[in-house]
Amino acid sequence: MPISFNNIPANLRVPGTFIEFDNSLAGNSNIAFKVLIVGQRLAAGSVAEGVPTLVTSVEQAETFFGRGSMLAEQIKALKAANQFIETWAIALDEAGAGVAAAGSITTTGAATASGTLSLYIAGKKINVAVNSADSQDAIATAIAAAINADTSLPVIAAVNGVTTEQVDLTCKWKGETGNDIDVRLNYYGESTPSGIAITFGAMAAGVTNPDLSTAIAAMGNEWWNWMVMPFTDAPNLVALETELDARWGPLQQIGARAFCAFKDTLANTSTFGNGGNNPHVSCMGINTSPTPPYIWASINSVVAAAALSIDPARPLQTLKLPGVLPPAIADRWTNSERNTLLFDGVATYTVAGDGSVQIERQITMYQLNAASLPDDSYLDINTPETLERFRFEQRSLFAQKFPRHKLAEDNARVGVGQPVMQPKIAKIELLALYRVMEDNGWVQDYDNYKATLVVQIDAGDPSRLNVQDSPTLVGQYRVHAQKTQFQR
């Protein structure tokens, strides 16, 4: 029976030994995992908005997007948590109709002893030297100078022209994200120099985030496995969810999970979570953490990405989020409150004894099915992540081994060596792959998979092979419930 060659022509008469290579049985397909960060740039940045840009260092980020910009700080936090995952960024300019958030720091009284003011802005410490007998005006001037000396901070400072003991703070960019910039004193219990008192006007009044559509258009057809979403306003979230749904679908098959964070009270966080319903967005409720939500989202994304790229089915609980500062002990949510959030589409964290923040449960915002009934099928992020990888392995298998094959029924007489696909061959390949996925610990119950697997040629299109399979995904060991009946 004739062998089918790919490159050696059938009418070759020139003498010689001609050997072609076929890698269809040898290659392995691997995903080039990428994290995409979306954030705001400053005018000083060299890269315009809407340009996907590979970023390999913090220095590059500051040059590309401006030192102290949201995007540069997101990348700095991400790289500090994990420097190995391929990282891309798409910058956005601030909205022309936007307003920058503003706040204040007010000093009262003259110092009666020398010391250091320990200010924290967006979780970053700023030391302000205070000398004995410094007036409140002098201290305000020193505060403004210390803040402006650190150009990586998200705010600029100026002494108020009328109330000279007051320092006015203004976010470097316009939009709602500036409202979540935390300003406080003595986070680690430091002492304030005697004789003076410090009060704060919280950052507020920032409005109008950039339109995410610019970033979505720039994403093109590239496969971004994980995304950092700094905005939680409804229009931008809806736009992102629509895009992620399309990418997840069978015609694109380049799904991604996006990470965001929400900072507010328990009641408002629950309300926000219940307003969403998407299996590809995971939002962490961060309470009153000094670390801004856009930084939380960046760190959460890369920590999750690093683990999920290794094993999409393994739970993320206990993974540390380096660089994230937790709320003060009195402000942290209780077990009951976190359990409530986990029924409201909001992911949760815990704080270890050493003060480090850890993922508790990384759930998605999906809660209701198409009939608006409660549905936990996509509750945990591991479910869409595992399905994404399972689909990729199936696609890679058939694309690699059967790239230019003919299609025939199982009862057709096919010569040895002919590139012909048959339903029985596809079934054998799928079952063998399922065994591999079992070995990976991604799926289980091979017998049920085999019994329910259907492979057949389409009745109306002899060039189309239809497959229906029912993989059973493994679960995640999250809860250990035990009843101990002791005896005396």
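Would you check which residues across the range 254-268 are of a type outside the set (V, I, T), over 17 Å from I37 (Cβ atoms) and either more than 18 Å from the chain's Cα centre (by Cα) or outside any loop (DSSP other than H, G, I, E, B) (or both) and list them?
Step one: of the range 254-268, the residues of a type outside the set (V, I, T) are 255-264, 266-268.
Those left that are additionally over 17 Å from I37 (Cβ atoms): 255, 262-264, 266-268.
Answer for the range 254-268, where residues must be of a type outside the set (V, I, T), over 17 Å from I37 (Cβ atoms) and either more than 18 Å from the chain's Cα centre (by Cα) or outside any loop (DSSP other than H, G, I, E, B) (or both): F262, D264, L266, A267, N268.
Determine, yes or no, whether E241 is among the acidic types (D, E), touching a strand residue (DSSP E or B) at 6+ places or on another chain (Cβ under 9 Å) and assigned by TED's automatic domain parsing to the domain that holds R41.
Details: among the acidic types (D, E): yes; touching a strand residue (DSSP E or B) at 6+ places or on another chain (Cβ under 9 Å): yes; assigned by TED's automatic domain parsing to the domain that holds R41: yes.
Against the criterion (among the acidic types (D, E), touching a strand residue (DSSP E or B) at 6+ places or on another chain (Cβ under 9 Å) and assigned by TED's automatic domain parsing to the domain that holds R41), E241 qualifies.
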Tell me the residue from V162, V155, V183 that is outside the structural domain of V281 (by TED's automatic domain parsing), at pLDDT 95 or above and touching a Leu at 6+ places or on another chain (Cβ under 6 Å), please. V155
Can you tell me which condition P279 does not meet? The list is (1) over 30 Å from A61 (Cα atoms); (2) in a helix (DSSP H, G or I), and all the others hold. (2)
Which of the residues that make up the range 461-488 are assigned to a loop (DSSP other than H, G, I, E, B) and either at positive phi or of a type in the set (A, V, I, L, M, F, W, C) (or both)? V474, V479, A481, F486
So A138 ticks every box in (1) part of a helix (DSSP H, G or I); (2) under 23 Å from S57 (Cβ atoms) but one. Which box is left unticked? (2)
Just one of (1) aliphatic (A, V, I, L, M); (2) assigned to a loop (DSSP other than H, G, I, E, B); (3) in contact (Cβ under 8 Å) with a residue 60 or more places away in the chain trips up L341, so point out which. (2)
Given the conditions (1) at positive phi; (2) out of contact with any strand residue (DSSP E or B) (no Cβ under 7 Å at 6 or more places or on another chain), every one holds for A217 apart from (1)
Going by the structure shown, is A113 surrounded by fewer than 18 Cβ atoms within 10 Å (Cβ to Cβ) and at pLDDT 95 or above? yes
What pairs come out if I take residues in the range 239-253 that are farther than 14 Å from E385 by Cα and pair them with residues that are in a helix (DSSP H, G or I) and among the hydroxyl-bearing types (S, T, Y) whose C-beta lies under 8 Å away, six or more apart or interchain? A239/S213
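A quick yes/no check of all residues on (1) of a type in the set (A, V, I, L, M, F, W, C); (2) in contact with a helix residue (DSSP H, G or I) (Cβ under 6 Å, 6 or more places away or on another chain):
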site: L240; (1), (2): yes, no
site: A261; (1), (2): yes, yes
site: T271; (1), (2): no, no
site: T288; (1), (2): no, yes
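Considering each of I143, I90, I126 in turn, give the residue that is in a helix (DSSP H, G or I) and either surrounded by 13 or more Cβ atoms within 10 Å (Cβ to Cβ) or among the small types (G, A, S) (or both). Full working, then the answer.
Working: I90 fails: in a helix (DSSP H, G or I); I126 fails: in a helix (DSSP H, G or I).
Of the residues listed, the single one that is in a helix (DSSP H, G or I) and either surrounded by 13 or more Cβ atoms within 10 Å (Cβ to Cβ) or among the small types (G, A, S) (or both) is I143.
The values are calculated or read from the model by the stated rules, or taken from the named source; none is laboratory data. All figures in this text were calculated on a predicted structure; none of them were measured in a lab. As a convention, Cβ positions derive from the backbone with ideal geometry for all residues, glycine included, and neighbour counts pool all protein chains shown.
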